[in-house]
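The values are calculated or read from the model by the stated rules, or taken from the named source; none is laboratory data. Given the structure is predicted, the values throughout are model-derived calculations rather than measurements. Positions of Cβ are backbone-derived with ideal geometry, glycine not excepted, and every protein chain shown enters the neighbour counts.
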4 protein chains.
Amino acid sequence: MIIIMEKTATVENIQAVMDKLKEHGFRAILHEGDVHTVIDALGDKTTLSLNRLEAMEGVSQVKMIREPYRLASRDRKPEDTVIEFDNGVKIGGNNRPVFMVGPCSVEDDYDGLLEVAVAAKELGCQFLRGGAFKPRTSPYDFDGLGEKALQYLQKAGKETGLLVVTELMDASDLELVEKYADVIQIGARNMQNFRLLKAVGKCNKPVVLKRGPASSIKEFLLAAEHIMYNGNEKVILCERGIKGFDSSYTRNVLDISAIPVIKKYSHLPIIVDPSHGTGQRYLIEPMSKAGLVAGADGVMVEVHSNPAKALSDGKQSLSIPQFRDVFAKLNNLIDVLHLEKTNVASQVE
Amino acid sequence: MIIIMEKTATVENIQAVMDKLKEHGFRAILHEGDVHTVIDALGDKTTLSLNRLEAMEGVSQVKMIREPYRLASRDRKPEDTVIEFDNGVKIGGNNRPVFMVGPCSVEDDYDGLLEVAVAAKELGCQFLRGGAFKPRTSPYDFDGLGEKALQYLQKAGKETGLLVVTELMDASDLELVEKYADVIQIGARNMQNFRLLKAVGKCNKPVVLKRGPASSIKEFLLAAEHIMYNGNEKVILCERGIKGFDSSYTRNVLDISAIPVIKKYSHLPIIVDPSHGTGQRYLIEPMSKAGLVAGADGVMVEVHSNPAKALSDGKQSLSIPQFRDVFAKLNNLIDVLHLEKTNVASQVE
Amino acid sequence: MIIIMEKTATVENIQAVMDKLKEHGFRAILHEGDVHTVIDALGDKTTLSLNRLEAMEGVSQVKMIREPYRLASRDRKPEDTVIEFDNGVKIGGNNRPVFMVGPCSVEDDYDGLLEVAVAAKELGCQFLRGGAFKPRTSPYDFDGLGEKALQYLQKAGKETGLLVVTELMDASDLELVEKYADVIQIGARNMQNFRLLKAVGKCNKPVVLKRGPASSIKEFLLAAEHIMYNGNEKVILCERGIKGFDSSYTRNVLDISAIPVIKKYSHLPIIVDPSHGTGQRYLIEPMSKAGLVAGADGVMVEVHSNPAKALSDGKQSLSIPQFRDVFAKLNNLIDVLHLEKTNVASQVE
Amino acid sequence: MIIIMEKTATVENIQAVMDKLKEHGFRAILHEGDVHTVIDALGDKTTLSLNRLEAMEGVSQVKMIREPYRLASRDRKPEDTVIEFDNGVKIGGNNRPVFMVGPCSVEDDYDGLLEVAVAAKELGCQFLRGGAFKPRTSPYDFDGLGEKALQYLQKAGKETGLLVVTELMDASDLELVEKYADVIQIGARNMQNFRLLKAVGKCNKPVVLKRGPASSIKEFLLAAEHIMYNGNEKVILCERGIKGFDSSYTRNVLDISAIPVIKKYSHLPIIVDPSHGTGQRYLIEPMSKAGLVAGADGVMVEVHSNPAKALSDGKQSLSIPQFRDVFAKLNNLIDVLHLEKTNVASQVE
């Protein structure tokens, strides 16, 4: 349950509630918000009368959280979380959807990377994405350039003014990745790598958390909860497709409905990745559109300066001219729809 | 393979090709199109030299069909199939997406049904849908009013000018259902009831074929092929959700990507059913939008005059005022997007 | 709920209970057992005090059925259902597991069929299986010989003393199939063809009901319930594999755990079909063994006189010598395990 | 491809092949076996004529490996891998299946743990399993005692003579875990945590690798390949259930067929975990039996001194008396079947 304190509650009032909770065996976590102070209380609710708690001085409201995730739950925080960067870029809430663009993995070709970054910036994209450390199903596949890739990304980001998103695969690389990246990505295969979640939970860079290919929505939000529980509330969820029973036409099933479902149950922003979600170039445009009208706060898309020669995922990458074409259509869709972007999913109960 | 004849091919040219095919053990099916005559040839391609076939008089082109479905394949028929009704309503191609609206099952309340039909017509919908014979997982659930429901549907259709869509569950009811309905629906659970597919293949009413909950896209198109193979090419596909590994938040996973995939590989129109696809009222708006921007030729949605009292699927049905609100938003989306509706999926190869 | 009457209950006692139930809007079905009479009551339990019902004369016990299937539920009938044939063959309970053996589809080669039947009989198998009407994903595949196949099956059955199992695809063929077959099979794709279930529910031949590839266990038992509800309690369930996310190595995922789960929740016999369940010849032996030790009451296996030339499913069929070898091992397993066959799943709660 | 050298090949012969491979851009890995020396060559096969390679002195055979995993492939190593411990315990090949027994997580109750260990040892089990670091879907669940648990496990292992199996969650704990454990477990959620796989690939303790809940068999074997590629060939695979579309009756679908499939394509030993695979106590006996007859080299089962009070997975744990009963039946099954244990899956091709 959560205890929402009155705006006027004193430090003593808050302490008294904390003490009462501990006395009854609860674990109590204090969140001091701009307006209200909120106490999350974890424990056996049968041991404590809610009426008595509500009657304590300074307590505004006691709310039960129905879902197992608490910090990520819209029950706790009804308003959308908006993540803001130093350069003014914002993700979530009523803000215009953002674009995270770049090659699957950063290759030893800085000019190619820069070419993508320049094109993305010109179009109005906000983020440059690219893998430095790549999780690969087979040990025989290219697994990333490592720190050199991080340097390339940072350099291209600085030259263009794009923010850098890159994947962290292991807690031991956190310090290194933090030095170069503006946003840390947790890959789908690591969605339940709890040590990694804990590590990024303790840093203060925003995190893009990709949904595991066989994760339920509850497991996905609980993975976000692991990060938030460790102190980092700047979590951007990313739907990137789930395993289906047929992979002849698409690599995964991009679960568009997860977007409005998550918007209903959580306040966190969510973006969509049609590149991994479908594995097919021709599906990027329609599935980006689908994600956007369903409420996505952004799109992550693979763009490569020369897809035919990409070391990974070439088949699903757009070339720069293809991306320009797709972007123009998505941008147009955002323009004509922008006014009603907010709360698409919340009007019929 | 298919053999496309020259426009100028004579009856004798065509007969000669047919004879040659039969001689080599092929089954040959003749399709006389407005422009070209096309021969579908089914058999062992190793027994016949393609060069010799191409060299025959009147033969324009010999094409291999890569997919196991042939009649449904875009390889055979590159242009979109458009299904037109006597009252001028059209589905498919560049036509404005249609709406099929009504209760899950028709109940013994004609006024309630008419109320939905009147509201739908006023908004500009084209079809009234409702079940007379309901497939029910449990034998203890309401399984439909039968012929009385068909009469109600026809009456409400006539009063409002809406076309009637209703499900056929068994070939033995075909004559009965044909008498009352303008479009015959094959339900998801019957997608591979091949006798039923054969039966509707021999009638000449358009057919809405729903995707089975565990059907691959290939199986879905092959089910359409069964209908077409028996002579009825007026097939409207319907994506209505597939089984996923999590049904806590949605009843099924509505596979939006199936829409652009099918648009690429088949010329048949495809509509989307967000009511069965999600099982959640609040998801109908965002998922209808997602379907439409991904290229759907129509939306099928459950609307009930009193959802709280519906005998089936009340939880996922919209009330009339809710539908008015959702429809207005979908209609607006169609308006602002209509010009670029066509070929959303076909521009990046 | 079910009302179990005392052994000594009179006709008047029973009638009084039936009347009371009807008075409260219940549908009441009478089952006169050898020992007890049992009344199934379907309706709104809040309208009637259970205490008052239990207090009525002749009532021994009132039991709530927790599962949505009732007639199929072990709550209603704790002892295993055993299905007995005129020639003394029995399926279910403590009886030795049976074997249903034969080609996927019966082809126009009576001698080949007879060869399989003779070999099966010599080994001690009880049933000859083979398709006369074949559901085929593609309309271009061989879909069965029809009545000629039924005649072949019956003839081979009579010559060898094997009972004949064959699939019914449409209610309109029931009379025909009943004339030739000892057991009627409902295929996986028709598991929720409710009209077909109703039709076989009204005949009195035993039915093999195959699990749909995306059916939950509840849906499977409710499909059996449809048959039983229409009057035929001789249902033999058949696990034949469910759709998984990977079909590179096996066609389906044979869900062995479904066997002990169903044994716990239902009294119906269940057999296992490793041929369709895996689609791989080399898996028939280990997966038959797995099914048997998990409690299966029989094995259905595809055997063909010349698998390389089979018109359907040749890849998963055993040749006669291969089957002899596999059968010997399975038979040995049954021998060494037979004494503890019963209730494998029911001893740890 | 792999190059198998003659028994009589000289060091110079081998070096010449290595040089030739490098010259053509191949990566070459040398495996010096007891009989043959084998060279794994990874690279672009079109650059080098196989005939020329086969013609080199000392080369016995050049074999293409069809599967993307190479070191794990039976193509490379036809005989079963047997992993042997200092105390003589062996896993794999023709050896009697082993048992890994213990609580899901080690709790702060050494006596309870010892009680389980003593009972397991008395029955003839070989391994004590227990979690010190627990991956938990929710951050609010008990996540393990840490090093204290490792000390308890080691102590109980030493007192009873059981080998200790425990999970490693993060590469940074490897040194710690290695100090206490005889076998290192990689959990299902970490199956594609490639850094962790690399880390255990560099240690020389045997590794139990659990199959991810949505991993294909190919992905599973490629995860093993990551470990082997880094130098550790002592990998024990563990089938523990995959995600299905229904979790009403079982937590996962235990994929028994994965056992004979993996036996066919890989030489690695594989065990079965019915506790996580089903999540149901009553299914442990039948599903252990199913795994064993399908070829499993061992069973991992959760046993707790007081399941009702277990901090994790109590519902699926056996009590000590229940385990005694189940073990007796499994042991009997192994006894009566042992002679034909080997190669169950490999006799029908």
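General remarks:
- For segment C:198-209, the set of residues classified as out of contact with any strand residue (DSSP E or B) (no Cβ under 7 Å at 6 or more places or on another chain), within 23 Å of C:ARG76 (Cα to Cα) and either buried (at least 24 other Cβ atoms within 10 Å of the Cβ) or facing another protein chain (nearest Cβ under 10 Å) (or both) consists of C:LYS198, C:GLY201, listed by residue number.
- Of all residues in segment D:310-332 being of a type in the set (S, T, N, Q) and more than 22 Å from the chain's Cα centre (by Cα), the one that is nearest to the other protein chains (Cβ to nearest Cβ): D:GLN322
- Residues satisfying the stated conditions in segment C:310-340, i.e. modelled with pLDDT under 90, crowded, with 16+ Cβ neighbours inside 10 Å and out of contact with any Pro (no Cβ under 8 Å at 6 or more places or on another chain): C:LEU311, C:SER312, C:ASP313, C:GLN316, C:LEU337
- C:SER60 being surrounded by 13 or more Cβ atoms within 10 Å (Cβ to Cβ) and either away from chain B (no Cβ under 14 Å) or out of contact with any Leu (no Cβ under 8 Å at 6 or more places or on another chain) (or both): yes
- C:GLY212 vs. criteria within 12 Å of chain B (Cβ to nearest Cβ), assigned to a loop (DSSP other than H, G, I, E, B) and under 14 Å from the mean Cα position of the chain (by Cα): yes
- Criterion applied to B:LYS158, B:LYS179, B:LYS134, B:LYS148 was being touching a residue at least 40 places away in the same chain (Cβ under 8 Å) and assigned to a helix (DSSP H, G or I), and the one residue passing it is B:LYS148.
- Residue in segment C:263-271 that is touching a residue at least 40 places away in the same chain (Cβ under 8 Å), closer than 20 Å to C:VAL164 by Cα and in a strand (DSSP E or B) present: yes
- Only one of the numbered conditions (1) closer than 15 Å to B:VAL299 by Cα; (2) facing chain A (nearest Cβ under 8 Å) is violated by B:VAL272, and that is (2).
- Among the residues of segment D:252-271, those identified as in contact with a Pro (Cβ under 9 Å, 6 or more places away or on another chain) and crowded, with 24+ Cβ neighbours inside 10 Å are D:LEU254, D:ILE256, D:SER257, D:ILE259, D:PRO260, D:LYS263, D:ILE271.
- Qualifying residue in segment A:33-41 (condition: surrounded by fewer than 15 Cβ atoms within 10 Å (Cβ to Cβ), at pLDDT 90 or above and more than 14 Å from chain D (Cβ to nearest Cβ)): no
- Residue selected from segment B:112-156 under the condition aromatic (Phe, Trp, Tyr) and at pLDDT below 95, by the criterion surrounded by the fewest Cβ atoms within 10 Å (Cβ to Cβ): B:PHE142
- Here the condition is being over 15 Å from the mean Cα position of the chain (by Cα) and at pLDDT 95 or above; of B:PRO286, B:PRO260, B:PRO269, B:PRO307, it holds for B:PRO286 alone.
- Some residue of segment A:246-256 being touching a strand residue (DSSP E or B) at 6+ places or on another chain (Cβ under 9 Å), more than 15 Å from C:PHE245 (Cα to Cα), modelled with pLDDT of 95 or more and within 11 Å of another protein chain (Cβ to nearest Cβ): yes
- Flag for B:GLY187 being among the small types (Gly, Ala, Ser), crowded, with 23+ Cβ neighbours inside 10 Å and within 11 Å of another protein chain (Cβ to nearest Cβ): yes
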